[in-house]
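What follows is one structure encoded as structure tokens, with my remarks underneath.
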Amino acid sequence: MAGHSGAGNGDKWSQSLQSVFELALESQGPERTARLLEKLAGQLRSAPPGVTTPYINTIPPGQQAPFPGDRDIERRIKSYIRWNAMAMVVKANSTTNVGGHISTFASSATLYEVAFNHFLRGRTDDFPGDLVYFQGHAAPGMYARAFLEGRLSERHLQNFRQELAEGGGLSSYPHPYLMPEFWQFPTVSMGLGPIMSLYQARFNRYLQARGLVHWKDEPKVWAFLGDGECDEVDTLGAITLGARENLDNLIWVINCNLQRLDGPVRGNGKIIQELEGLFRGAGWNVIKVIWGTDWDALLARDKSGRLLKRMEECVDGDYQKYTVEPGSYTRKHFFGKYPELLELVNHLTDEQISKLLRGGHDARKMYAAYKMAVEHKGQPTVILAKTVKGYGLGEAGEGKNISHQQKKMNEKELREFRERFQIPISDDVIAETPFFRPPPDSPEMKYLFERRKALGGFLPARVVKPAPLQVPKLADFERLLKGDNSGEVSTTKAFTLLLGSLVRNKEIGRQIVPIIPDEARTFGLDGLFKEVGIYSWKGQLYEPVDRNSLLYYHEAKDGQILEEGITEAGSMASFIAAGTSYATHGVPMIPFYIYYSMFGLQRVGDLFWLAGDIRAKGFLLGATAGRTTLNGEGLQHQDGHSLLHASTIPTCLPYDPAFGFELAVIVADGLRRMYVEGEDIFYYLSLYNENHAMPPMPAGVEDGILKGLYKFKPGPDGKALKAHIFGSGPIINSALKAQEILAERYGVSADVWSATSYKLLRTDAIRCQRWNMLHPTQPPKKSYVEELLAKEQGTFIAVSDNIRTVPDQIAPWVPGGLFALGTDGFGRSDTRARLRRFFEIDAESTVIGTLYALAEKGQIERQTVEKAIKDLGVDPEKIQPQLV
Ligand SMILES: Cc1ncc(C[n+]2csc(CCOP(=O)(O)OP(=O)(O)O)c2C)c(N)n1
Ligand SMILES: [Mg+2]
């Protein structure tokens, strides 16, 4: 109850408690005293003792910063925004049933409006603007504000969730892909906004530490979240980073309306207390805004401590009920539990009791909390604001379990809403839920513009100024292009060479951001530790145990590597922060995030999807790829399907290179497309750890590498039969060996092709096919793959370390069809040779596959295939890798 007694009084209490404490210590000993104290403290708290504070506001009334704004005007502006946000959802659903949410923004309107009027700073010439992660389904509120600001028209609002309507519409949620000049950060997949904001705040520090930005004022990163959203592991799983990295540039505002979609977040407990304990434990500054101003006087008069006791006793399910029921119910069931409390509210009518505000609906309380948060040093801050879901909807859904999905309002409910928020809309038109914007010279509009001007401009806003980089030319990667005669190397090793040369590049070296989740040694990237350093805001406070070695673990304040530790989600959040820096800060950065491929798309695929939406650029390297190439590691490690996952992301270019020179061609072109041409795309490359020959680049193959397929090694002339084998990654070696066997033993000339990207071939083919479908009388277009293969005779087969669906993507456009071999099924631990036989992608299986494909076409006898199976020692009755 600090703050509810004077300071002098507090000192006396503290002295008395101190002497009781010493007495107890003397007579009972430290352990028993500690237990007694814990028990006493436990009486004050509903969560485990030690981590939470009493269930009252963190800022005592006496220490509350005064509200500097005009409360009446702000309330009116907020009311109009409330109305328009509600109206756009109601309108959208009265005609088209396209959904939308009213009750989320209804509960958080004050949280946003106080922030918009007093704290969130826009972008100016010398300030990048605060970075704000808006709660996804509060989007109608942001649109409604932008409408008052004149940034969106009535037609935009009318077309909320109807993006394909004539003249365009507004996206359901924050999607930079769909509204690239408005939204900066996609947030609606719950838990992604929080983790991105954490790593964004840290990335801002990284940019400063490395001298890549020079801000007069540091931008704050704000994230507005739901209390239900906090159940996502992504939300809370990384919060210790905030304290560890000293991120006092980060503020989270959690809208604790106590409800999620189905019902209460913690009906039987208190979400605010639970979160407070977690955040305090994680080292954050926690500001609770539970009670509105009306409660201050009640708490001050509560000499018995019963009011606090009652506040502590009630669970969130009770508080939800007090919202839904009339004031008489709260009088009876909340205050009525103790006679002292009934007396405390004797002077209030039931109506007044029902209007006792929660903290998150009180602009004065929110202002004080924000002010404290922006001024806080040394820790990130979380504000836990208690609100009512569907606030102001009354019977239509305030505090009800159905509140989240309330999308329609009848005329009576609309009238009540209008009365409550005093919206100047007349009876005769109210049923049409018209939008309302006060005249430009009204005090409200003047105030609104003045506030935004003072804060530097409108938010959200995404601004991209072209800043092309001087990227290296392909010839600069000479070492990879001329192959490796020194022996056999892996594509992972080839990549480390390439990355090394990039960080040393004079033009763009500083903008390269290597990101690694604790696997640098596996990939041979530890050489970079010493060379460019690992970023740490503290530098290196200890002497690393390997200090005497050449490649020691070198942490530095201006280190370039983001060594994230074992968090693929966190690393991906870093990738996104770096890959969007061109837009967020006008500073293009080039992330190379290298990870164990199995723990990428499969594990944190939603963040990869978001990378597309947010228009991130950069390179993702799925290393140690391949169901059989990563031998030994077994079922959970061996990846044969990331390329398929990657193929589903519209802006992702997936590649499966076999050789170092292919890697060089792809990366060089990627740098050009993303950082010179300004394309909003990113790359996914499979890298493998098998050493094999790295030949020099044949002439004229660049275009084919980039498009997805080129002939790498033609088969010998003079054979009766013709086949084509598409190989990818290290499995191209199965194809090359099969080529020899087929020629020597079966009279087949097989051309070996390197298939670098089935997705890109498919996308191109679909593009042509679609055009042909819609232009049926015009000369048909031919895709690259069709044109390339039209010149070829013979049968086509594919072999790779991926599931068959990866090559099957192009089957419809291969003349006579494509017969694919692949690694469908769970991986297992064994040697590469045994695994490749098991999955039937080794050279022998490739020979058999080719012969089978020829037999299917009637070009050879089936007995020839049977004989080959026997001759090559393949057991036809061996188990089938894919069981279902
Ligand atoms: C990952 C994910 N799962 C489920 C949903 C669907 N969903 C949208 S809003 C919502 C409830 C949100 O509750 P809360 O976070 O408390 O936000 P509130 O609306 O109460 O402010 C759910 C389940 C989603 N958007 N993302
Ligand atoms: Mg909620």
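The values are calculated or read from the model by the stated rules, or taken from the named source; none is laboratory data. In this text, all values refer to a predicted model and were calculated from it rather than measured experimentally. With ideal geometry, Cβ positions are generated from the backbone for all residues, glycine too; neighbour counts draw on all protein chains shown. Just the protein is used for accessible areas: all its heavy atoms, side chains included, with ligands, DNA and RNA removed. Shrake-Rupley method; radii C 1.70, N 1.55, O 1.52, S 1.80 Å.
Of note:
- Meeting the requirement of 2 or more residues that are without any contact (Cβ under 8 Å) to a residue 60 or more places away in the chain and open to solvent by less than 10 Å² (accessible area, probe 1.4 Å), the strands (runs of 3 or more DSSP E) wholly within segment 707-794 are 748-755.
- Enumeration of residues in segment 259-295 that are away from ligand 2 (no atom under 14 Å from the Cβ), in contact with a strand residue (DSSP E or B) (Cβ under 7 Å, 6 or more places away or on another chain) and not in a strand (DSSP E or B): 276, 279, 280, 284, 290, 292
- Leading residue by the ranking (farthest from residue 232 (Cα to Cα)) among those in segment 257-282 that are among the acidic types (Asp, Glu) and more than 13 Å from ligand 1 (Cβ to nearest atom): 276
- Any hit, segment 238-253, residues being within 16 Å of ligand 2 (Cβ to nearest atom) and closer than 21 Å to residue 190 by Cα: yes
- Qualifying residue in segment 207-216 (condition: in contact with a Lys or Arg (Cβ under 8 Å, 6 or more places away or on another chain), of a type in the set (Gly, Ala, Ser) and more than 16 Å from ligand 1 (Cβ to nearest atom)): yes
- Selected residue (criterion: surrounded by the fewest Cβ atoms within 10 Å (Cβ to Cβ)) from residues of segment 99-156 that are within 16 Å of ligand 1 (Cβ to nearest atom) and in a loop (DSSP other than H, G, I, E, B): 99
- Within segment 456-498, the set of residues being touching a strand residue (DSSP E or B) at 6+ places or on another chain (Cβ under 8 Å), closer than 18 Å to residue 591 by Cα and open to solvent by 70 Å² or more (accessible area, probe 1.4 Å) is empty.
- Per-region count, segment 72-112, residues under 22 Å from residue 425 (Cα atoms) and more than 16 Å from ligand 2 (Cβ to nearest atom): 24
- Taken over segment 674-706, the criterion of being under 24 Å from residue 788 (Cα atoms), open to solvent by 60 Å² or more (accessible area, probe 1.4 Å) and out of contact with any Leu (no Cβ under 8 Å at 6 or more places or on another chain) is satisfied by 699, 700, 703.
- Pick from segment 157-172, criterion buried (at least 21 other Cβ atoms within 10 Å of the Cβ) and not small (Gly, Ala, Ser), ranking: farthest from ligand 2 (Cβ to nearest atom): 159
- Residue check for residue 748: within 25 Å of residue 654 (Cβ to Cβ) and hydrophobic (A, V, I, L, M, F, W, C): no
- Filtered residue count, segment 500-550, keeping only those that are part of a strand (DSSP E or B) and among the hydroxyl-bearing types (Ser, Thr, Tyr): 1
- Residue check: residue 846 meets all listed conditions (1) in contact (Cβ under 8 Å) with a residue 40 or more places away in the chain; (2) over 29 Å from residue 687 (Cα atoms); (3) open to solvent by less than 70 Å² (accessible area, probe 1.4 Å) but one, namely (2).
- Flag if residue 301 is over 23 Å from residue 398 (Cα atoms), of a type in the set (D, E, K, R) and open to solvent by 60 Å² or more (accessible area, probe 1.4 Å): yes
- Selection status of residue 366, within 30 Å of residue 241 (Cα to Cα) and either within 16 Å of ligand 2 (Cβ to nearest atom) or open to solvent by less than 60 Å² (accessible area, probe 1.4 Å) (or both): yes
- For segment 405-416, residues that are open to solvent by less than 80 Å² (accessible area, probe 1.4 Å) and under 36 Å from the mean Cα position of the chain (by Cα) total 3.
- Each residue in segment 795-838 was checked for being open to solvent by 10 Å² or more (accessible area, probe 1.4 Å), in a helix (DSSP H, G or I) and either farther than 17 Å from residue 850 by Cα or out of contact with any strand residue (DSSP E or B) (no Cβ under 9 Å at 6 or more places or on another chain) (or both), and 9 of them qualify.
- Residue match in segment 606-627 (condition: of a type in the set (Gly, Ala, Ser) and open to solvent by 10 Å² or more (accessible area, probe 1.4 Å)): no
- The C-beta contact set for segment 252-263 (first residue at negative phi, second residue near ligand 2 (Cβ under 10 Å from one of its atoms) and of a type in the set (Lys, Arg), distance under 6 angstrom, 6+ apart or interchain) comprises 257/389; 259/389.
- Residues (part of a helix (DSSP H, G or I), under 18 Å from the mean Cα position of the chain (by Cα) and more than 16 Å from ligand 1 (Cβ to nearest atom)) located in segment 217-243: 240, 241, 242
- Exclusive hit being closer than 23 Å to residue 761 by Cα and not basic (Lys, Arg), set 666, 594, 614, 590: 666
- Where helices (runs of 4 or more DSSP H) fall entirely within segment 355-445, those with at least 1 residues that are of a type in the set (D, E, K, R) and in contact with a Phe, Trp or Tyr (Cβ under 6 Å, 6 or more places away or on another chain) are at 363-375.
- Residue in segment 72-94 that is modelled with pLDDT of 95 or more, within 23 Å of residue 375 (Cβ to Cβ) and within 16 Å of ligand 1 (Cβ to nearest atom) present: no
- Segment 216-238 residues that are closer than 30 Å to residue 127 by Cα and of a type in the set (Phe, Trp, Tyr), paired with ones that are within 8 Å of ligand 1 (Cβ to nearest atom) and open to solvent by 10 Å² or more (accessible area, probe 1.4 Å) (beta carbon under 8 Å, 6 or more apart): 224/135
- All positions within segment 583-605 that are in contact with a helix residue (DSSP H, G or I) (Cβ under 8 Å, 6 or more places away or on another chain) and within 25 Å of residue 215 (Cα to Cα): 584, 585, 587, 588, 589, 590, 591
- Residue in segment 244-251 that is open to solvent by less than 20 Å² (accessible area, probe 1.4 Å), part of a strand (DSSP E or B) and on the phi < 0 side of the Ramachandran plot present: yes
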